[in-house]
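Q: Right, I'll just put the structure down here and ask away after.
Where a number appears in this text, it was derived from the coordinates with a stated rule and is not lab data. Keep in mind that this is a model prediction, so the values were computed, not measured. Methodologically, a virtual Cβ is constructed for each residue, glycine included, from the backbone with ideal geometry; neighbour enumeration extends over all protein chains shown.
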Amino acid sequence: MKRFTLKQVEKHYDDTFDYDDINDKTPSHNKRFIDGLKMSSIKDGAYVLDVMCRSAKAEEYYNQKRKNLRFASMDVSSRLLKEANKRFTRNNIKGELFKLTSLDIPFKDNTFDNVISYETIEHLPDPGKIISEFSRVLKKEGEFIMSCPNTSWDWIHSLVAFLGIHHSEGPHRFVPRNEIIYHLRKAGFRILKEKTVILIPIGPKFLVEFGEVLERLLGERIRRHIALRRYFICEKM
């Protein structure tokens, strides 16, 4: 099992100066929070926790789509938090930004209406711990929205980073589906919906669109094994 620390993750994101520039050229990147909102039931006025918010692009998008949202947004990277703060100010986003220095989330039990976690658990040293913390700070019957990469794509991420097509994943461990489901259930979550998407994440528009058509034809049972991104929409019981 890969071992790494929060400090190592922090250094990776602090040193990846072109993080947003590269991701903006990758259609699949921003789809994680766009699709996540479509599958969610986030309501106007919700209090939302976002752990590993990066530069707060999800907050910017959600702030446009819902009214009076309030965020508690956390990240390990001081550099990305500065970018997030600029985005909060520029877009009049309500909420606060916090430095993530521990997997013990510094909020009381039953605080949030929603917790969002996009491509996060694979970059934290103990996925089970952070999922249990998500449950603790979420209100009863609150909603948890998570995306994470399929383990079968780990080598592809390494290859595109080696070729300079995309930035490195940095310290990470792609978490197997069965392990994720185990941690979710142990933390008291009921899985409302699971969806696996994206066969062609980059390339000409016609090729990406072909991948989307192919996704629909294949269905979830096949996509679960070969598609890039997993979504879990969960309710705290």
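Q: Can I get the semi-axes of the stretch 164-232's equivalent ellipsoid? Compute them from the C-alpha gyration tensor as square roots of 5 times the eigenvalues, in angstrom, largest first.
A: Semi-axis lengths for the stretch 164-232 are 26, 18, 8 Å.
Q: Quick check: pseudo-label points 7 Å beyond the Cα along Cα→Cβ at residue 89 and residue 110, how many nm apart are they?
A: 3.8
Q: Hey, in the GNM for the chain with a 10 angstrom Cα cutoff, which one of 199, 37, 207 fluctuates hardest?
A: In the Gaussian network model the winner is 207.
Q: Quick one: if the Förster radius is 30 Å, what FRET efficiency do residue 68 and residue 177 give, using the C-beta to C-beta distance and rounding to 0.05?
A: Efficiency computed from Cβ-Cβ geometry: 0.25.
Q: Sorted from largest down, give the three principal axis spans of the alpha carbons of the chain, whole angstrom values.
A: 43, 38, 37 Å, listed from the longest principal axis down.
Q: Quick check on packing: order 17-24, 178-185, 116-123, 68-75 by the mean number of other C-beta atoms within 10 Å, highest mean leading.
A: 116-123, 68-75, 178-185, 17-24
Q: Which of the peptides 49-57, 138-146 is most tightly packed, and how do the rest follow, going by the mean number of other Cβ atoms within 10 Å of each residue? Walk me through the numbers before you get to the answer.
A: Working: 49-57: 24.7, 138-146: 20.2.
Top of the packing list down: 49-57, 138-146.
Q: Looking at the stretch 1-31, which trypsin sites (Lys or Arg not before Pro) are DSSP coil and have at most 13 other C-beta atoms within 10 Å of their C-beta?
A: 2, 3, 25
Q: As a test of the formula, what do you get for the chain when each DSSP H run with n ≥ 4 contributes -39,500 (n - 2.57) and the sum is divided by the residue count, at 222 nm and rounded to the nearest 500 deg cm²/dmol?
A: -12500 deg cm²/dmol
Q: Round to the nearest 0.05 the FRET efficiency obtained for residue 18 and residue 140 when R0 = 41 Å and r is the Cβ-Cβ distance.
A: So, using R0 = 41 Å, E works out to roughly 0.50.
Q: Can you give me the distance in nm between label points at residue 225 and residue 41, each placed 7 Å from the Cα along the Cα-to-Cβ direction?
A: With each label placed 7 Å out from Cα toward Cβ, I get 3.3 nm.
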